[in-house]
Amino acid sequence: MVIACVAGKLYADHQDKKETERINAERIVGIHIKGEIKESGYYELPYGSRVKDAVEKAGGITENTDIDGVNLAEKLTDGEELIIPKVMTEKERA
């Protein structure tokens, strides 16, 4: 009896996980990326995407990008605006 309950619980957990994965695979996040990026604009990416994915979708960074000012590993959220910063010159810092 105990084995049947445990097996039933494991099966239900597995089904719940599969359903969550299916729903997430259908979801998208819409983001606006601008700044030191080759193709600024609105992009839709799969749920769970990261900043790195958005940068790649937008054609990559420019030669003026301050890549240390960007967390490429951050997960995207729907409606987010990403601003890719540029390297500040000595004159701009003053």
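The values are calculated or read from the model by the stated rules, or taken from the named source; none is laboratory data. Remember, it's a predicted structure, so these values are computed and weren't measured experimentally. Glycine gets a Cβ as well: all are built from the backbone with ideal geometry, and neighbour counts include every protein chain shown. With ligands, DNA and RNA removed, areas are computed over all heavy atoms of the protein, side chains included. Shrake-Rupley method; radii C 1.70, N 1.55, O 1.52, S 1.80 Å.
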So for the range 15-28 (the condition being under 16 Å from Gly79 (Cβ atoms) and either surrounded by 10 or more Cβ atoms within 10 Å (Cβ to Cβ) or modelled with pLDDT under 70 (or both)), does at least one residue qualify? yes
If you scan the range 41-71, which residues turn out to be polar (S, T, N, Q) and open to solvent by 70 Å² or more (accessible area, probe 1.4 Å)? Asn64, Asn71
Scanning the range 72-94 for residues that are open to solvent by 90 Å² or more (accessible area, probe 1.4 Å), of a type outside the set (D, E, K, R) and under 22 Å from Tyr42 (Cβ atoms) gives Ile83
